[in-house]
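The values are calculated or read from the model by the stated rules, or taken from the named source; none is laboratory data. On a predicted model such as this, the values are computed, not experimentally measured, just so you know. We place every Cβ from the backbone using ideal geometry, glycine too, and count neighbours over all the protein chains shown. The area values use the complete protein model at the heavy-atom level, side chains included, leaving out ligands, DNA and RNA. Shrake-Rupley method; radii C 1.70, N 1.55, O 1.52, S 1.80 Å.
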Amino acid sequence: MITAKSLGDRSFKADYGVDYAYVAGAMYKGIASKELVVAMGKAGFIAYLGTGGLDEREIEASIRSIQSVIAGRAYGMNLLSNLESPELEERTIDLYLRHGVRCVEAAAYMRVTPALVRYRLQGLASGAGRTLVAPRRVLAKVSRPEVAAAFMQPAPEAVVRQLVESGKLTEQDAALAPLVPMADDVCVEADSGGHTDQGVAFALLPAMLVLRDEMMTRYRYEKRIRVGAAGGIGTPHAAAAAFVMGADFILTGSINQCTREAGTSEPVKALLQHLNVQDTTYAPAGDMFELGSKIQVVRRGLFFPARANKLHELYMRHGSLEEIDAKTRQQIQEKYFRRSFDAVWSETRSYYARTYPHRLAEIERSPKQKMAAVFRWYFAHTTRLALEGVEDQRLDYQIHCGPALGAFNQWTKGTAIEPWQNRYVADIARRIMEGTADLLNARFGAMKEAAEPSQSVSS
């Protein structure tokens, strides 16, 4: 008989010290909060703190808080790739190593970085019976096969050698590096909230499973790389499909931001509670604005998606703010920004002077880059509005979310957890896993019964 605790890969549960093959993924700006991480850890799950957009002091305070409450229980930290400021990634790794953080969720990576290699390899050792002991675990969230392949391979030899020469890895670390993949676990993200490649789970997950098997054959690792599924999982039906396709674990995101523990505002949670599956859309990503990368956001009752797309369209068509016609400039300043371009640039300039001073002069020399910086301000601003629940600017909330929450809302309609005030992240996780087990038992039980030959009873 299938149970909630028997679903998924045994080694995943053993390695992380959890009861369930279910992960609550990170959500930026601490929406996946320390309270959420603690609640999941106490209940036998693992969750990752959403560190994106938090400063080092906030991250460190959260680590200390989590460790003080659930010492010995599973927890993890998000680690975001930062190509614009690799030194920030390095400082974050320093922080994790200093505080003994053993699990990270690597997100938004297009290639493996020296900082991530250092975290993965530092302290590798040979255990009893020549078993390899890796003191830290990496769960990589990926949506493209070439990125997955990078995490399923050993660390790049040139990067390892560079870290040895700089004293950040030992010769023993380097000698053992070819024996382990960069990630213990690769989580395949289909059509998720926030950054997404709009992948289709039924196509993407099987392709990644084949890739994993190829990599295991090529490198003959001691332990099998586990492959999980994320994106669109908000009900037992979706979770069951993922496990039947071969997922070793599942990861949820969007549904968790509409819980008591989520670190966003009550007005946002009230809005999210009423979403249906068609109430999300795609908009430009503020952090990759110039490249035209997309994020999935809430559109129901909000102006943000249309306004964000309009700003990107203007950026693509014009070389500077001054080239935009006067009527459109006025509309943006009065309705979108509620302040002048000069005021936005003043705030933006101060931010760059404080955080990326090496880029400020380059931006000031380029009218096109200055326009992009001013437009990107709107994306940071709309995130703050949502997190703080600013009521009189509700229409401009930027809320990252996928259709999984719409499916979840339909599944919970008429139940005790229909109101968001009754939604607790660990309770939701248990309900989904138990519902998944029930569905699979009913389905496979019915199939077994149908396959058995009928027996007539003679009088």
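The alpha carbons of the chain stretch over 91, 65, 41 Å along the principal axes, in descending order. Using equal-weight Cα scatterers in the Debye expression, the normalised intensity of the range 1-138 in log10 at q = 0.11, 0.17 Å⁻¹ is -0.41, -0.95.
Quotient of the Cα radius of gyration of the range 335-452 and 2.2 N^0.38 Å, N being its number of residues: 1.80. Between the range 239-275 and the range 194-212, the alpha-carbon centres lie 19 Å apart. A protection proxy built from the mean count of other Cβ atoms within 10 Å ranks the segments 400-406, 100-106, 436-442, 73-79, most packed first, as 400-406, 73-79, 100-106, 436-442. Applied to the range 419-429, the Karplus parametrisation 6.51 cos²θ - 1.76 cosθ + 1.60 on θ = phi - 60° returns per-residue 3J(HN,Hα) values of x, 4, 4, 9, 9, 10, 4, 6, 5, 4, 4 Hz, with x for Gly and Pro. Among the listed pairs 310/413; 269/310; 141/223, give every one whose C-alpha distance is greater than 29 Å. Beyond 29 Å between Cα atoms: 310/413.
Across the range 272-283, coupling constants 3J(HN,Hα) worked out from phi with the 6.51/-1.76/1.60 Karplus curve, θ = phi - 60°, read 5, 4, 9, 5, 10, 5, 8, 9, 10, 7, 10, 9 Hz, and Gly and Pro carry x.
The Kirkwood hydrodynamic radius of the range 145-262, based on inverse pair distances between different Cα atoms, is 15.9 Å. Amide hydrogen proximity for residue 46: with H placed 1.01 Å from N in the peptide plane, the residues at 5 or more positions away or on another chain lying under 5 Å are 22, 24. Close amide H pairs (under 5 Å, H built 1.01 Å from N) link residue 294 with 196, 285, residues at least 5 positions away or on another chain.
Taking amide H as placed 1.01 Å from N in the peptide plane, residue 103 has its amide H under 5 Å from the amide H of 77, 137, each at least 5 places away in sequence or on another chain. May I ask you to work out the translational diffusion coefficient for the range 242-358 at 20 °C, viscosity 1.002 mPa s, via Stokes-Einstein with Rh from the Kirkwood sum over Cα pairs, reported in whole µm²/s? The estimated diffusion coefficient comes to 122 µm²/s.
Expressed as a whole percent, the accessible area of the chain that falls on carbon and sulfur atoms is 51 (1.4 Å probe).
The 3J(HN,Hα) values that the Karplus relation (6.51, -1.76, 1.60; θ = phi - 60°) gives for the range 290-300 are, in residue order, 5, 7, x, 4, 10, 10, 9, 9, 6, 10, 4 Hz. Gly and Pro appear as x.
Between residue 354 and residue 97, the simple label model (points 7 Å from Cα in the Cβ direction) yields a spacing of 2.9 nm. When only alpha carbons of the range 304-397 are considered, Rg and Dmax amount to 13.3, 38 Å.
Counting only the Cα atoms, the range 80-188 fills a convex hull of 98 Å³ per residue.
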